[in-house]
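> What follows is a single structure, and I will ask about it in a moment.
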Amino acid sequence: MSLDRRLAVAIVAGLALSALAETLLVDHREHLFAGSTWLLFWTGFGFVGCVGIVVVSKWAGHAFLMRRDDPYTGERVEAEPGEGGDE
């Protein structure tokens, strides 16, 4: 898997913007716990939380939500080539 140059630049710019926002906007004088004093802790916490939500959602979708059987016949349905718009 190769990253497009524009995507790589967008990721780096997003990380830099997050770091700048945390540095300027987060009050580091109030300590909620020991980890909250680390530089860029809340940026990393938000990123890990977002990735966790995506992973859990994909797992739940594949495990419970996707239909595997035809509702009319009860037979297992496999995707036909050309269905779903990915021709």
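Each value in this text was obtained by applying a stated rule to the coordinates, not by laboratory testing. None of the values given here were measured: they were computed from a predicted structure. Reconstructed Cβ throughout: ideal geometry from the backbone, glycine too, with neighbour counts over all protein chains shown.
> Once the Cβ-Cβ distance between residue 16 and residue 56 is put in as r, and R0 is 22 Å, what FRET efficiency do you end up with, to the nearest 0.05?
0.20
> Based on Cα coordinates alone, diagonalise the gyration tensor for the chain, multiply each eigenvalue by 5, take square roots, and list the semi-axes in whole Å, largest first.
For the chain, the ellipsoid semi-axes come out as 42, 20, 8 Å.
> So, one more: Could you give the angle, 0 to 90 degrees to the nearest 10, between helix 5-25's Cα long axis and the longest principal axis of the Cα atoms of the chain?
Tilt of helix 5-25: around 40 degrees.
> Where does each of 9-21, 52-64, 34-46 land if you order them by average Cβ count within 10 Å, highest first?
Descending mean neighbour count gives 34-46, 9-21, 52-64.
> With r defined as the distance between the Cβ atoms of residue 76 and residue 47 and R0 fixed at 30 Å, what FRET efficiency is calculated, to the nearest 0.05?
0.20
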